[in-house]
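Report on the following structure.
What follows is calculated from the coordinates using simple rules that are stated; it is not laboratory data. Keep in mind it's a predicted model, so treat the numbers as computed, not measured. Note that each Cβ is placed from the backbone with ideal geometry, even for glycine, and that neighbours are counted across all protein chains shown.
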Amino acid sequence: MKKNKLFALGALGVLGVVVAAINLAIGIFLIKILWTTIAEALFSKLVESGQISTSMSWKDAFWIGLFLYFVIRAFAGNLLNVTKEGNKTTVSMGDSDATIHGKDSENKKENNKD
């Protein structure tokens, strides 16, 4: 593989990790902030009886957020997609993607000057 193709795949990987981390952080924040409302709406009788608390630690919010992130991504089929069309290969992770164009046989000498 050429260096620029490896760089593109590496950049895609880094971008995918950054986007995933931002999405996870937003999800954890929302779970932590909205847990009181969620618990009272879904489990009102359990909250009244004291079996479920309306407060949540950041650690619990992290594990719930991580679990929900992977479950939702897996069921949506968006964890990782690879598409090959003719001379180009596209790798998608969620909403971010990178395309690698293959060499054309017509311009073989010109493209191989790297």
Local charge sum around Thr54 (other residues, Cβ-Cβ under 14 Å, Lys/Arg +1, Asp/Glu -1)?
-> -1
Karplus-derived 3J(HN,Hα), 6.51/-1.76/1.60, for each residue of segment 35-51, Hz, glycine and proline x = 4, 4, 5, 5, 4, 5, 6, 8, 10, 4, 5, 5, 5, 4, 7, x, 7
